[in-house]
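What follows is a short report on a single structure.
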Amino acid sequence: MAISDSLQATKTRLDAACVAAGRAPGAVGLLPVTKTFPADAVREAFAAGARAFGENYVQEGLAKIDALADLRPQIAWHLIGPLQSNKTRPVAEQFDWVHSVDRLKVAQRLSEQRPAHLPDLQVCLQVNISGEASKSGALPEEVPALAQAVAALPRLHLRGLMAVPEPGPGARAQHDAMAALFQQLQSQGLALDTLSLGMSADLEDAVAAGSTLVRVGSAIFGART
Ligand SMILES: *Cc1c(COP(=O)(O)O)cnc(C)c1O
């Protein structure tokens with residue numbers, strides 16, 4: 001299937017998920033995830049109307065940002081993969097969003113390194129909602145204090161939370177727990193608008209729980225090799 005067709009099919013699927021959940025079609029944003037796919041695939045999705053893209057790996061993302069420099073002003077680049085504190089500088093300088101902030105040190109470095117002439121870096125805190133030792137993300141109980149600290153940093157704009165729930169029978173409970181944590185932070189006075197939750201396989205469950213942004217790779221670009 002051409003990328004333009006699978007992008008349209010995914011939008012249709014997302015709208016249907018919104019309606020099934022009693023939400024307005026268009027209520028949930030779609031972030032195409034281009035990790036492992038070449039810059040030409042990004043161009044195709046751009047030609048089909050996509051204007052924001054998610055990348056997992058810092059070096060791969062930077063190479064694509066460079067290869068697509070002609071489109072740069074029109075694209076918002078989101079880093080959605082793990083970020084080590086020694087790799088923050090190029091991210092602060094090149095990306096528009098980071099979904100994977102999971103500790104204060106990384107946020108502080110992004111804040112210090114974000115160039116003053118650029119708009120604030122938009123950030124989400126990644127939450128290890130499954131509690132698996134192998135997963136990145138802050139533990140849920142750490143998130144309220146981390147959110148308050150990150151929200152106070154200059155040149156960052158805390159937008160919300162991100163998670164990658166563990167697939168399987170417990171997934172729905174993890175989606176609901178993310179939505180509850182998101183609402184808890186809002187009720188503590190943080191003006192958050194982004195719950196980055198849902199991928200190709202769990203988009204419907206994430207939308208039902210209250211996701212505002214789904215990150216979709218394989219359903220649009222095909223299987224990764
Ligand atoms: C790869 C990835 C996605 C997209 O996954 P698909 O299953 O291909 O839709 C979304 N979010 C993160 C953090 C990822 O690593």
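For the chain, with only Lys/Arg (+1) and Asp/Glu (-1) charged at the beta-carbon, what is the dipole magnitude about the Cα centre, in debye rounded to 20?
Here the chain has a charge dipole of around 320 debye.
List nothing, just return the count: lysine pairs in region 3-221, 8 or more apart or interchain, with Cα separation under 20 Å.
Here the count comes out as 8.
Given springs between every Cα pair under 10 Å in a Gaussian network model of the chain, which of GLY22, GLY54, GLY210 has the largest fluctuation?
The residue with the greatest mean-square fluctuation here is GLY22.
Between ASN86, ASN128, ASN56, which gets the highest mean-square fluctuation from a Gaussian network model of the chain, Cα cutoff 10 Å?
ASN86
So with the 1.4 Å probe, I'd like the accessible area per residue for region 3-221, rounded to whole Å².
Per-residue value: 42 Å².
Please name which of LEU197, PRO165, GLN186 has its Cα lying farthest along the dipole of the chain towards the positive end, using unit charges on Cβ (Lys, Arg +1; Asp, Glu -1) and the Cα centre as origin.
Farthest along the dipole direction, towards plus: GLN186.
How big, in percent, is the set of alpha carbon pairs in region 103-225 lying more than 17 Å apart?
Value for region 103-225: 58 percent of Cα pairs lie more than 17 Å apart.
Can you list which of the DSSP-assigned H helices in the chain have a Cα extent of 20 Å or more along the long axis and an average Kyte-Doolittle score of at least 0.0?
In the chain, the long hydrophobic H runs are 3-20.
Comparing PHE46, PHE95, PHE182, which has the greatest mean-square fluctuation in the GNM of the chain with Cα pairs linked when under 10 Å apart?
Comparing PHE46, PHE95, PHE182 in the GNM, the peak value goes to PHE46.
Would you kindly state how much longer the chain becomes between ALA67 and ALA180 on full extension, computed as 0.36 nm times their sequence separation minus their alpha carbon distance, in nm to one decimal?
Here the segment from ALA67 to ALA180 would lengthen by 36.7 nm.
Antiparallel versus total DSSP beta bridges in the chain: what percent is that, nearest 5?
0
Quick check for me: using +1 on Lys/Arg Cβ and -1 on Asp/Glu Cβ, what's the dipole size of region 70-114 about its Cα centre, in debye to the nearest 20?
Once rounded to the nearest 20, the dipole reads 200 debye.
So what J values fall out for region 190-203 if you push phi through Karplus, 6.51 cos²θ - 1.76 cosθ + 1.60 with θ = phi - 60°, rounded to Hz, Gly and Pro as x?
Using θ = phi - 60°, the values come out as 8, 8, 9, 10, 10, 10, 8, 8, x, 9, 3, 7, 10, 4 Hz.
If you wrap a convex hull around the C-alpha atoms of the chain and split its volume per residue, what is the figure in Å³?
Output value, Cα hull per residue: 124 Å³.
At 0.36 nm per residue, minus the direct Cα-Cα distance, what do ALA52 and GLU166 gain on full extension? Give it in nm, one decimal, please.
Full-extension gain reported as 38.5 nm.
Given the options THR10, VAL127, ALA152, identify the residue whose Cα lies farthest towards the positive end of the charge dipole of the chain (+1 on Cβ of Lys, Arg; -1 on Cβ of Asp, Glu).
ALA152
The values are calculated or read from the model by the stated rules, or taken from the named source; none is laboratory data. Source: prediction; values computed, not measured. Cβ atoms come from the backbone with ideal geometry, glycine included; neighbour counts cover every protein chain shown. Please note that ligands, DNA and RNA were not included when accessible areas were found on the heavy atoms of the full protein model with its side chains. Shrake-Rupley method; radii C 1.70, N 1.55, O 1.52, S 1.80 Å.
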